[in-house]
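Q: Attaching a single structure in structure tokens format; questions to follow.
Where a number appears in this text, it was derived from the coordinates with a stated rule and is not lab data. Because the structure is predicted, anything quoted here is derived from the model rather than measured. Cβ coordinates were reconstructed from backbone atoms using ideal geometry, including for glycine residues, and neighbour counts include every protein chain displayed.
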Amino acid sequence: MANLTISTEQDVEDLAWGACFQGIGGGGVVSEGLRLLKKAIAAHGPVTAMDPDAFPDDEYVVTTSFMGNRAPLTPEQEEQKKNLGLVEWKYENNLLEALRFMEKISGKKISGIVPSELGGANTPGPMATALSLGITPINGDYTGKAKPETKQGMPCIEGVPLTPMTSVDKWGNKAVVYETVNSALAEREGKMLATAAFGNTAMAFFLMTGREMKKYVFRNTLTECFEIGRHMRLTREAGGDVRQALLDFTGAKMLFEGKVVRKEWGIPDGYYSGYHWLEGTGNWAGHTFKVWFKNENHITWLDEKPYVTTPDRVAQVLTASGQPIMTQEIEEGMNISFMAVPSRARHREPKALSFMEPRHYGFDMDYVPMEELVK
């Protein structure tokens, strides 16, 4: 039985930081995941994520996830929020309210939660929601990393609709995307709701039976996150090299180490998207590196030549400490190290690859497995 029990604040920290590494620059802010899960454990005790195969076939699961981006708001946007009455939170865990709303509009009793992806908030957040409601979190997720588009989860790739999809922001605004012509439009409508909420809302979607869930879930990924985070912490406490420990423990390859010399970003259609440019340090002195991100890292160039790309997983950590960092936290002048982990095998199958390869994002380049590029 591949169960995972989280019982202490240290366990929560290990889970969240490991999930942040697996989030490859996205997946939600760690502080939010820590806040939600620590508070839930303090109120209700330990939480155990269940082996997906042990979950009953005929009971219902749903996915809860934050949708949007964490781009910084301008002073004008902050003033607009106030003018619209978005001042005091009504829900401190709007993931929970999105699930309750899904039960209301569907008439289904939900018994389990599957995280949509891996990340600092979108992994511990669903666990906190499950614990608070007395239902079962599943030890797995639908993406095996973080992704910018909800339709890139395995259920959508295999044709499962996103809808019905409920949306609840922290101020108490609720909406339902009941039915759309396809999942791409459901994704777009969800992003527009997140944009209306100034960047972020909580969603519930992928309502299905346990039997269906087992076709699409990446198993044991919450345990992966916990073990990565624990290994990082123990290495740091022992005075070791956290970056090297990550390479050894995950099978990652170092792509680049350097200083951020330029950053460009915007929020097209609700996604935090742009480029980071770096000049090399250490073994990469004299070389350059560029990364294109859409919430997460997806395309890289080494010395202006295409390098490792999605669906392989490009993670980023602070060079000095090895601590994972999100794309919106990176600033010019920072020293960052990039490392890559090979994609999940299922993402290299033709159907899934069409949702994740560089051409999906508009880049005229082929996906080349990182094993052929990084020696």
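Q: Need one number: nm distance between label points at Thr5 and Ile267, each 7 Å from Cα along Cα→Cβ, rounded to one decimal.
A: 4.3
Q: Going 7 Å from the Cα of Lys104 in the Cα-to-Cβ direction, what parts of the stretch 176-214 have a backbone nitrogen less than 17 Å from that spot?
A: 176-178, 202-205
Q: From the residues Asn173, Gly240, Leu207, which one has its Cα farthest along the dipole of the stretch 150-243 in the positive direction, the dipole being from +1 and -1 charges on Cβ of Lys/Arg and Asp/Glu about the Cα centre?
A: Most positive-ward Cα: Gly240.
Q: Exactly which trypsin sites (Lys or Arg not before Pro) in the stretch 103-171 are in a DSSP loop and have at most 10 other Cβ atoms within 10 Å? Spell out each step's value before the answer.
A: Numbers: sites: Lys104, Lys108, Lys109, Lys145, Lys151, Lys170; in loops: Lys108, Lys109, Lys145, Lys170.
Hits after loop and neighbour filter: Lys109.
Q: Still on this structure, I have one more. Mind computing the radius of gyration and Dmax over the alpha-carbon atoms of the stretch 152-216? Å is fine for both.
A: Spelled out, the Cα radius of gyration and Dmax of the stretch 152-216 are 12.4, 37 Å.
Q: Quick check: residue separation of Gln323 and Asn83 times 0.36 nm, minus the Cα distance between them. What number comes out in nm?
A: 82.6 nm
Q: On to the next question. Which loop-located GluC sites (Glu not before Pro) does the stretch 21-106 contain, where loop means any DSSP state but H, G, I, E or B and the Cβ has at most 13 other Cβ atoms within 10 Å?
A: Values: sites: Glu32, Glu59, Glu76, Glu78, Glu79, Glu88, Glu92, Glu97, Glu103; in loops: Glu59, Glu88, Glu92.
Within the stretch 21-106, the qualifying GluC sites (Glu not before Pro) (loop, at most 13 other Cβ atoms within 10 Å) are Glu88, Glu92.
Q: Using 7 Å Cα-to-Cβ label points, what is the Arg348/Ala42 separation (nm, one decimal)?
A: Spacing of the two 7 Å Cα→Cβ label points: 4.5 nm.
Q: I'm spelling it out carefully: the read-out is Kirkwood radius over Cα pairs in Å, the candidates are (i) 21.6; (ii) 25.2; (iii) 20.6, and one was derived from this structure. Which label?
A: Label of the calculated value: (iii).
Q: Continuing with this model, one more query. List the GluC sites (Glu not before Pro) within the stretch 283-335 that fall in a DSSP loop (any state other than H, G, I, E or B) and whose Cβ has at most 13 other Cβ atoms within 10 Å. Intermediate results must be reported in sequence, preceding the final value.
A: Working: sites: Glu296, Glu304, Glu329, Glu331, Glu332; in loops: Glu304, Glu331, Glu332.
Answer by residue number: Glu304, Glu331, Glu332.
Q: So how strong a dipole does the chain carry about its Cα centre when Lys and Arg Cβ are +1 and Asp and Glu Cβ are -1, to the nearest 20 debye? Spell out each step's value before the answer.
A: Working: 40 positive and 48 negative charges, 79 e Å.
Here the size comes out at about 380 debye.
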